[in-house]
Amino acid sequence: MKVKRTRANDSIIINNLFTFATIVMISISIVLYSTFIVEKPKEEIPVSKVEKLPCQEETSSKVRIKNHELLKKSHNAIKKGYYKIEGSFIKKEKDSKIENVITLKEADEEIKKLINVQAKNELQKYLKIKYEIIENNKNELSAGKVLVSFRINSKEIFFMQSDFQFMYKNAIKERIQCSIKVYENYVQN
């Protein structure tokens, strides 16, 4: 018995040709797009290359930097008084005692004292220094944490979270001081 050799249909050959041509065009488009249109990310200084300050070693802390170039510009804005401070409490217990320990006004004054530049009034564009004092549940290891972030146009450029072990005014103020010092440390490096 002889096996009859058949040739592929013309439609299959044309279909394979168009499939190959489509794959080539998509590949060329991806190469051109990634080469000429997409901006390559700039080299950022990794957080680990900047030396930790002693206050960061005292308690658990986390630092996140989005853009080192904007970080330096934000420091210039602060030195010219183009900033606003916004604070808040986050309470996890119904019988919260955080407001009895420290007030938002006291925390604001601590930040202003550390910055040592009077903020200008009636600003359209400014750097927002946002902080949150969080009271942890009673069964957690630390009493709470302080989150401090620096934002331009609602985009976070610097963030630091720092725990405090005891619910004391000085402990909270130390965490705020540490956050501002760490911010300045990253600006300088």
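The values are calculated or read from the model by the stated rules, or taken from the named source; none is laboratory data. Given the structure is predicted, the values throughout are model-derived calculations rather than measurements. Here Cβ is always computed from backbone atoms with ideal geometry, including for glycine, and neighbour counts include all displayed protein chains. Surface accessibility is based on the protein's heavy atoms, side chains included, excluding ligands, DNA and RNA. Shrake-Rupley method; radii C 1.70, N 1.55, O 1.52, S 1.80 Å.
State whether one or more residues within region 38-47 are hydrophobic (A, V, I, L, M, F, W, C), farther than 20 Å from M160 by Cα and exposed (fewer than 12 other Cβ atoms within 10 Å of the Cβ). Scanning region 38-47 turns up at least one residue that is hydrophobic (A, V, I, L, M, F, W, C), farther than 20 Å from M160 by Cα and exposed (fewer than 12 other Cβ atoms within 10 Å of the Cβ). Within region 143-170, if we keep just the residues that are assigned to a strand (DSSP E or B) and of a type in the set (K, R), the residue that is nearest to K125 (Cα to Cα) turns out to be R151. Looking only at residues in region 52-94 that are hydroxyl-bearing (S, T, Y) and within 29 Å of G144 (Cβ to Cβ), the one that is surrounded by the most Cβ atoms within 10 Å (Cβ to Cβ) is S74. Taking the criterion of being modelled with pLDDT of 90 or more and more than 24 Å from the chain's Cα centre (by Cα), no residue of region 119-157 qualifies. Cβ-Cβ contacts under 6 Å between residues 6 or more apart (or on different chains), taken from a first residue in region 12-34 that is at pLDDT below 90 to a second residue that is surrounded by 10 or more Cβ atoms within 10 Å (Cβ to Cβ) and of a type in the set (K, R), are absent.
Evaluate the following for L147: is it within 21 Å of P54 (Cβ to Cβ) and of a type in the set (A, V, I, L, M, F, W, C)?
Yes: the conditions hold for L147.
Quick check: anything in region 60-71 assigned to a loop (DSSP other than H, G, I, E, B), at pLDDT 90 or above and not hydrophobic (A, V, I, L, M, F, W, C)? No; the residues of region 60-71 include none that is assigned to a loop (DSSP other than H, G, I, E, B), at pLDDT 90 or above and not hydrophobic (A, V, I, L, M, F, W, C).
Per-residue answers, yes or no, for (1) among the small types (G, A, S); (2) out of contact with any Lys or Arg (no Cβ under 9 Å at 6 or more places or on another chain); (3) free of Cβ contacts under 8 Å to residues at least 60 places away in the same chain; (4) open to solvent by less than 10 Å² (accessible area, probe 1.4 Å):
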{"residue": "N137", "(1), (2), (3), (4)": "no, no, yes, no"}
{"residue": "E140", "(1), (2), (3), (4)": "no, no, yes, no"}
{"residue": "F166", "(1), (2), (3), (4)": "no, yes, yes, no"}
{"residue": "A171", "(1), (2), (3), (4)": "yes, yes, yes, no"}
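For L114, state whether it is assigned to a helix (DSSP H, G or I) and surrounded by 13 or more Cβ atoms within 10 Å (Cβ to Cβ). It is true that L114 is assigned to a helix (DSSP H, G or I) and surrounded by 13 or more Cβ atoms within 10 Å (Cβ to Cβ).
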